[in-house]
Amino acid sequence: MTHPDDLVVLESFPPPRPTTNPYITQLSQVLSRTSGLALRHFSYRAALTSRYDVFHTHWPENLVGGHHWYGRVARRALAVLLLLRLWALRVPVVRTWHNLERPSDLGRIDQWLLDGFDRLTALRIVLNPVTEQISSSPVVTILHGHYRDWYGHHHQPPATPGRVGYVGLIRRYKGVEDLLAAFARIDDPAASLRVVGKPSTPELEETIRTLAREDPRMSVRLEFVDDADYAAELASMSLVAMPYRHMHNSGVALAALSVGRPVLMPDNPVNRALAEEVGHRWVHLFTGVVDEHDVSAALAAASTLAPTDRPDLSRRDWDDAGTAHLVAFAAATSREGKRR
């Protein structure tokens, strides 16, 4: 039940569905049960007519996009009205910073609208302690929560010895082709490679299928998978590889760690901090383009883990995240009040 003194927060996402990003679903759940906070889910009717104290956005580009031209025109017009309302009523924007850069395919109008949301942003939430400061807005770190509870009720098979795997949306910058090429150079008949996820283009899908056909130790499942299959595929791997050519935050890494599987990731400040946090036995790093030596070394290290071993994810409890978000929202309203 909403209390008159609750801080009313409008999130930039609608009520979660079964296919919604698990981070968003878990955040919605924890904010809904956080004392002192009243959560509202996004619709343009709510955004333009209801009362709220804070607007919390994650990927503001979703507010202006669309698959058809008429949808984009309508969304852009509504986004202008929303910006005007936020400005007129002095409603602070809190932005959770998931990606360092905007999508590369945005048009000039969309860039202008996103600049408007940036100007109204009173506070930014970053998901790790080493995200670089990119604006003058105050920054609060709230670590990305774990997925132990989310995947805990799904079947998790034992790890297949020697299996390296990739799970998630497949895009060019994620370097899945590099992983396939590196694995092909590993001279170990007991090793295997599993790739699961939907490629972003037909051309990328064909490239991956062609590479996989050249080695019988490789198998692919190039489609979107639901949570149950996602958890089962992750758990079946002895090592989860993220051969990204560049990366910042990674929900896949936390998903793998949440089911007790070590990860191989690019060497950067974010991933080094994660290794310090959860233990170096769980986070293995490579530089440049992933190669067979990186994969072999990480796979050998993974084989030394006991089935009952688990990484330290104690700093990523979701109830702690709920309280931290409330504090951040309150700080944003206080800061906006001082500017009036």
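What the table below lists for this structure:
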read-out: Total residues in the range 33-48, condition out of contact with any strand residue (DSSP E or B) (no Cβ under 7 Å at 6 or more places or on another chain), surrounded by 12 or more Cβ atoms within 10 Å (Cβ to Cβ) and assigned to a helix (DSSP H, G or I); value: 2
read-out: Of all residues in the range 1-36 being at pLDDT 85 or above and of a type in the set (A, V, I, L, M), the one that is nearest to the chain's Cα centre (by Cα); value: Ile24
read-out: Filter result for the condition that a residue is within 25 Å of His154 (Cα to Cα) and surrounded by 21 or more Cβ atoms within 10 Å (Cβ to Cβ), over Val290, Val295, Val263; value: Val263
read-out: Exclusive hit being in contact with a Leu (Cβ under 6 Å, 6 or more places away or on another chain) and under 26 Å from Ser236 (Cα atoms), set Asp267, Asp291; value: Asp267
read-out: Verdict on Arg315 being basic (Lys, Arg), more than 17 Å from Val252 (Cβ to Cβ) and not in a loop (DSSP other than H, G, I, E, B); value: yes
read-out: Cross-chain or 6+ apart pairs with Cβ under 6 Å, the range 286-301 first and at positive phi, then modelled with pLDDT of 95 or more and small (Gly, Ala, Ser); value: none
read-out: Pair list, Cβ under 7 Å, 6 or more apart: the range 58-82 residue assigned by TED's automatic domain parsing to the domain that holds Val126, other residue outside any helix (DSSP H, G or I) and among the hydrophobic types (A, V, I, L, M, F, W, C); value: His58/Phe13; Glu61/Leu106; Arg75/Val64; Arg76/Val64; Ala79/Val64
read-out: Criterion: surrounded by 16 or more Cβ atoms within 10 Å (Cβ to Cβ) and at positive phi - qualifying residue of Gly168, Gly145; value: Gly168
read-out: Residues that are more than 29 Å from Tyr151 (Cβ to Cβ), under 27 Å from the mean Cα position of the chain (by Cα) and not charged (D, E, K, R), drawn from the range 196-231; value: Pro202, Thr207
read-out: Residue satisfying condition, being under 21 Å from Val263 (Cα atoms), in contact (Cβ under 8 Å) with a residue 40 or more places away in the chain and under 25 Å from the mean Cα position of the chain (by Cα), within set Leu193, Leu179; value: Leu179
read-out: Strands (runs of 3 or more DSSP E) lying entirely in the range 219-304 (those with 2 or more residues that are assigned by TED's automatic domain parsing to the domain that holds Glu203 and farther than 23 Å from Pro22 by Cβ); value: 283-286
read-out: Qualifying positions in the range 166-202 - at pLDDT 95 or above and in a helix (DSSP H, G or I); value: Val176, Glu177, Asp178, Leu179, Leu180, Ala181, Ala182, Phe183, Ala184
read-out: Odd one out for Ala159, checked against (1) assigned by TED's automatic domain parsing to the domain that holds Glu276; (2) under 30 Å from Pro202 (Cα atoms); value: (2)
read-out: Odd one out for Asn99 among (1) surrounded by 18 or more Cβ atoms within 10 Å (Cβ to Cβ); (2) closer than 26 Å to Asn21 by Cα; value: (1)
read-out: Qualifying helices (runs of 4 or more DSSP H) (wholly inside the range 49-165; at least 1 residues being more than 30 Å from Leu305 (Cβ to Cβ) and not hydroxyl-bearing (Ser, Thr, Tyr)); value: 69-89, 108-120
read-out: Filter pass, Thr308 being over 27 Å from Ala184 (Cα atoms) and surrounded by fewer than 21 Cβ atoms within 10 Å (Cβ to Cβ); value: yes
read-out: Residue match in the range 59-81 (condition: modelled with pLDDT of 95 or more and of a type outside the set (A, V, I, L, M, F, W, C)); value: no
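The values are calculated or read from the model by the stated rules, or taken from the named source; none is laboratory data. What you see is a predicted model, and the numbers here were worked out from it, not measured in a lab. Using ideal geometry, Cβ is built from the backbone for each residue, glycine included, and neighbour counts are taken over all protein chains shown.
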